[in-house]
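What follows is one structure encoded as structure tokens, with my remarks underneath.
The values are calculated or read from the model by the stated rules, or taken from the named source; none is laboratory data. Just so you know, these numbers come straight off a predicted model, no measurement behind them. With ideal geometry, Cβ positions are generated from the backbone for all residues, glycine too; neighbour counts draw on all protein chains shown. With ligands, DNA and RNA removed, areas are computed over all heavy atoms of the protein, side chains included. Shrake-Rupley method; radii C 1.70, N 1.55, O 1.52, S 1.80 Å.
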Amino acid sequence: CCLGRTRYFDDPLASLAAATDIRESTTWLDARLHEWVLMPDHFHALLRLRSGTRLASLLHTVKGSSARAINRRLGRVGTLWQPNFHDRALRADENRVVVARYIVANPLRSGLVDRIGDFPHWDCAWL
């Protein structure tokens, strides 16, 4: 989440900077990003960590990289992301496609669009 739940990504320049950074494969280091959606004040992602990769370290790197890109694009300085994050591990028996569809449907449930295809900032390997 953005610090203070500020809706930075209502700004097209900020959302473009964030989406570009999220899409960049080097951003995710030793993890595989399967899908993501960028909401006005936060983002969701489904990823697979490689053995030995710590989620907290990975997200620290991702938040730092994206914050620099977004701040540069907006001409601002300072903290952009909240320092913490919420995570949930998938159980072995959970259907990843169902989870991915749930995540990318966030803009629909939030009333931002009527069809997910109308929302510009998401991607999913399984849809």
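Laid out as a table, the results:
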| quantity | calculated |
| --- | --- |
| Quarter of the Cα convex hull surface for the chain, i.e. its orientation-mean projected area (nm²) | 7.7 |
| Largest-first ordering by accessible area, 1.4 Å probe, given options 42, 60 | 60, 42 |
| Among 9, 120, 78 - extreme Cα towards positive end, dipole of the chain, charges at beta-carbon | 78 |
| Cα-projected label distance for residue 79 with residue 48, points at 7 Å along beta-carbon direction, nm | 3.5 |
| Neighbour cut-off at most 12 other Cβ (10 Å), DSSP loop, trypsin sites (Lys or Arg not before Pro), the stretch 32-127 | 50, 54, 76, 88, 91, 115 |
| Accessible surface ranking that places the most exposed of 87, 93 first, with a 1.4 angstrom probe | 93, 87 |
| Principal axis dimensions, largest first and in whole angstrom, of the stretch 85-127 by Cα | 32, 24, 14 |
| Full-stretch length increase - residue 55, residue 23 - with 0.36 nm per residue and alpha-carbon distance subtracted | 9.7 nm |
| Rounded accessible area of residue 20 (nearest 10 Å², 1.4 Å probe) | 80 |
| Of all accessible heavy-atom area on the stretch 84-127, the percent that carbon and sulfur account for (1.4 Å) | 50 |
| Surface accessible to a 1.4 Å probe, per residue, for the residues of the stretch 5-76, Å² | 53 |
| Largest to smallest accessible area among 94, 35 [probe 1.4 Å] | 94, 35 |
| Test item: Cα-centred dipole of the chain, Lys/Arg +1 and Asp/Glu -1 on Cβ, debye | 280 |
